[in-house]
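Encoded as structure tokens, the structure appears first; notes follow it.
The values are calculated or read from the model by the stated rules, or taken from the named source; none is laboratory data. As the structure is a prediction and not an experimental result, all values here were calculated from the model. For neighbour counting, all protein chains shown are included, and Cβ atoms are generated from backbone atoms with ideal geometry for every residue, glycine included. Accessible surface is based on the protein model in full, side chains and every heavy atom, while ligands, DNA and RNA are left aside. Shrake-Rupley method; radii C 1.70, N 1.55, O 1.52, S 1.80 Å.
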Amino acid sequence: MSAAPVADWPRDIHAALAAAEIRQVAYVPDAGHARLITLCAGDGAMHMVPLTSEQEGVGLAAGAWLGGQRSVLLMQSSGVGNCINALTLIETCRLPLLMLITMRGEFGEFNPWQVPMGRATPQALQLADVLVQRASRAEEVGAVVAGAARLAFASYRAVAVLLSQQLIGAKSFQK
Amino acid sequence: MSRANTLDRRAVVRSLLARRGGLLLVTGLGAPAWDATAAGDSPLTFPLWGAMGSAAMIGLGLALAQPERAVLVLTGDGEMLMGLGSLATIGVQRPANLALAVLDNERYGETGMQETHTAHGVDLAAIAAGCGFAQSETIRDMAGIEALGARLDARQGPLFAQVKIAADTPPLALPPRDGALLKNRFRAALLGPQADLA
């Protein structure tokens, strides 16, 4: 009996970003984004910009767009709260912003400190006028990200894709 | 405060922008935006009216997207203090075409002239140097401003200048405040009319 092939969703995200002509990849690292970060770093057409805090990526995205380039902002759900005031820039100026957010605090979470921001993430983004979408199954991730990228850059809006913790797998704190 | 700060902010900005040519300018919110407007509004100026702490990062994204163009971020000490982490991020990227000039009156000018951290000795130029900026300095006279203006186009950055200005309040000179208009006019001037048809 052969198992069905498992979708390689980080590779699918990278392919979607490449097809969308993403040139600047801003990120605060997360384990769930680790493979995607490696793939983007290995893509000569993508420039990596590690951040000290997530809101820096909102400003970077605005500057990139002013200069004619598309960017993506990668973070974990705990970083969403850091972005709220900066997101007023995106709404007021009608700028495109594509955010890919790995979720914590929602599925098999071990660390209680992750739960409040994880629970608040969708509503916090919506209150900041971000269009929120979700991908929970490996095989749908590539299409969801491709659609979100098209929506963001064609409609000049902030779009966030939440990558479910169930997709990524709960972080293990065991040796 | 260690020394008297006497530079006139409007004279500083007028000097920096006197021969701006194709310079791409991002300003922080408040007085630096008024200073840039008083020196002459331009579609290649993107003045902020909010998003405090974001000016330097907007400059970075722009500088990375347009490596052949000189980019200047003109902001205040309060705005820069809110985005200190961005100095570390810029220090990692080290874009040669990016310059940051902080108009430092050691005050929050829009909210009642309360002291900022720079009034108590926080040294932004030292922080920028520690973050890996190629050049970082504190400027206290117009000769230093003229020398900085002459270097903006050399693309030997990233440059950082903490400009110690007098804590006065010149007349308001307001740029347009519709963010979508500011974005669209900037892109049209930089990228041409085809920019938004892709």
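Values for this structure:
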read-out	value
DSSP beta bridge pairing in the protein assembly as shown, given as percent antiparallel to the nearest 5	5
Dipole moment magnitude, nearest 20 debye, the protein assembly as shown about Cα centre, only Lys, Arg, Asp, Glu C-beta charged	460
Rg in Å to one decimal, and Dmax rounded to a whole Å, for the protein assembly as shown via C-alpha atoms	21.3, 82
Unit charges on C-beta of K, R, D, E only; dipole of the stretch B:63-159, Debye	380
Average partner coverage of A:87-96, which counts Cβ from other chains inside 10 Å	5
Square roots of 5 times each gyration tensor eigenvalue, C-alpha, the stretch B:9-193, largest first, Å	22, 20, 16
Within-12-Å neighbourhood charge of A:E140 [Cβ basis; K, R +1; D, E -1]	0
B:W34 accessible area, 1.4 Å probe, all protein chains in place, Å² to nearest 10	30
Calculated log₁₀ intensity ratio I(q)/I(0) where the Debye formula runs over C-alpha points of the stretch B:36-93, q = 0.16, 0.17, 0.30 Å⁻¹	-0.53, -0.59, -1.34
Gaussian network model of chain B, springs between alpha carbon atoms under 10 Å - residue of B:L98, B:L48, B:L172 with greatest fluctuation	B:L172
Listed residues A:K171, B:K183 arranged by accessible area, highest first, probe 1.4 Å	A:K171, B:K183
Most positive-pole-ward Cα, B:N184, B:H117, B:P95, against dipole of the stretch B:9-193 from beta carbon charges	B:N184
Alpha carbon centroid spacing (whole Å) that separates the stretch A:119-141 from the stretch B:17-75	32
Separation between Cα centres of the stretch A:151-175 and the stretch B:113-131, rounded to whole Å	37
The stretch B:104-198: antiparallel DSSP beta bridges as a percent of all, rounded to 5	25
Antiparallel DSSP beta bridges within the stretch B:9-193, percent to nearest 5	10
